[in-house]
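Everything on this sheet refers to the single structure shown next.
The values are calculated or read from the model by the stated rules, or taken from the named source; none is laboratory data. Keep in mind that this is a model prediction, so the values were computed, not measured. Positions of Cβ are backbone-derived with ideal geometry, glycine not excepted, and every protein chain shown enters the neighbour counts.
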Amino acid sequence: MVNYFLKDVPERTAKPREKGLTMVMDKGLSIRQVEDMLSTSAELIDVVKLGWATSYCFPNLADKLKVYREAGIPVYFGGTLFEAFVVRGQFEDYLRLMDKYELSYAEVSDGSLEMNHDDKCNYIRILSQRATVLSEVGSKDAEKIIPPYKWIQQMHRELNAGAWKVIGEARESGNVGLFRSSGEVRSGLVEEILTQIPFESIIWEAPMKSQQVWFIKYLGTNVNLGNIAPNDIIPLETIRLGLRGDTFHTFLNGKQPILGAAPDVNH
């Protein structure tokens, strides 16, 4: 919904979307905060991640999930919780947990845990029989640099194993994986990944505004972005629509970014 007409605003995909997704990070919002967020932004939110293992500590988790469910917003537990169950030999308990809370989305990751990739793909296959699976590629260890060919190889295999989308790791801080410690996009890595993996199959974790701007300038308004903070949902949408200074000229006259040279987000 928009409140007035403007020409030359790029067309956004409609929910349920396959591209143009906004994945929001809930790091422990209260039920009242969730209700407030949904009252203004429900139409802009495609899926919510309960960050890492915050769901373990949250009081009244079932009531919170009910609020999301009634708003038609899918929710899933962060990949770190999946890893916490797996490393303890409790994968069956994890499946029971999903059933208990009626979760139809799941994240499979190995960002904190050293896991054989065949095993990871097998977890994706098992979970994809009962849920929509998002699989995360990349490490939470800033010292561990994964070469582009390995990102591509793992993304291919995880999509083939049944993942709906693959997620490019950045953590909630946005300074590992896809990004340098400064938060700068590893543009060569992104460009190489996109030579082999369709852009609509990837959710790029981009918690910083500069990162969101970079991806929107490079891939257009309907790029999939994740780890978005609740207070940044509407600001992100204005960036997608060319209605904030960072992308003000990007979509005028109906133009869309053309995949090519990495954008300069400072101009």
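Brief remarks follow.
- In region 101-142, the residues that are more than 26 Å from Leu194 (Cβ to Cβ), small (Gly, Ala, Ser) and exposed (fewer than 15 other Cβ atoms within 10 Å of the Cβ): Ser104
- Count of region 111-120 residues which are closer than 14 Å to Phe82 by Cβ and not hydroxyl-bearing (Ser, Thr, Tyr): 5
- Any pair with Cβ under 8 angstrom, 6 or more apart, that starts in region 119-133 at a residue that is without any contact (Cβ under 8 Å) to a residue 60 or more places away in the chain and ends at one that is of a type in the set (D, E, K, R): Lys120/Asp110; Lys120/Glu158; Cys121/Arg157; Cys121/Glu158; Ile124/Glu158; Val133/Glu107
- Near pairs, Cβ below 8 angstrom, 6+ apart or cross-chain, from region 1-26 (farther than 15 Å from Lys165 by Cβ and in contact (Cβ under 8 Å) with a residue 40 or more places away in the chain) to any residue that is part of a loop (DSSP other than H, G, I, E, B) and among the β-branched types (Val, Ile, Thr): Pro10/Thr221; Glu11/Thr221; Arg12/Thr221
- Residue count for region 93-122, restricted to those that are among the acidic types (Asp, Glu) and under 23 Å from Asn60 (Cα atoms): 4.
- In region 36-54, residue surrounded by the most Cβ atoms within 10 Å (Cβ to Cβ) [restricted to those that are in contact with a helix residue (DSSP H, G or I) (Cβ under 6 Å, 6 or more places away or on another chain) and assigned to a helix (DSSP H, G or I)]: Met37
- Residue list for region 1-28, filter: part of a loop (DSSP other than H, G, I, E, B), out of contact with any Phe, Trp or Tyr (no Cβ under 9 Å at 6 or more places or on another chain) and of a type outside the set (D, E, K, R): Met1, Val2, Asn3, Tyr4, Phe5, Leu6, Thr13, Ala14, Pro16, Gly20, Leu21
- Breaking point among (1) of a type outside the set (A, V, I, L, M, F, W, C); (2) loosely packed, with under 15 Cβ neighbours inside 10 Å; (3) modelled with pLDDT of 95 or more, for Lys7: (3)
- Selection status of Thr13, under 20 Å from Val213 (Cα atoms) and at pLDDT 95 or above: yes
- Once region 25-71 is narrowed to residues that are out of contact with any Ser or Thr (no Cβ under 7 Å at 6 or more places or on another chain) and of a type in the set (Val, Ile, Thr), the residue that is farthest from Tyr101 (Cα to Cα) is Thr40.
- For region 82-96, the set of residues classified as aliphatic (A, V, I, L, M), within 23 Å of Leu65 (Cα to Cα) and either surrounded by fewer than 17 Cβ atoms within 10 Å (Cβ to Cβ) or touching a strand residue (DSSP E or B) at 6+ places or on another chain (Cβ under 8 Å) (or both) consists of Leu95 only.
- Filtering Glu158, Glu205 for residues that are among the acidic types (Asp, Glu), closer than 22 Å to Tyr76 by Cβ, modelled with pLDDT of 95 or more and crowded, with 20+ Cβ neighbours inside 10 Å leaves a single hit, Glu158.
- Verdict on Ile145 being closer than 19 Å to Val190 by Cβ and either of a type in the set (Asp, Glu) or surrounded by 18 or more Cβ atoms within 10 Å (Cβ to Cβ) (or both): no
- Among the residues of region 223-254, the ones that are closer than 28 Å to Ala161 by Cα and touching a Pro at 6+ places or on another chain (Cβ under 8 Å) come to 2 in all.
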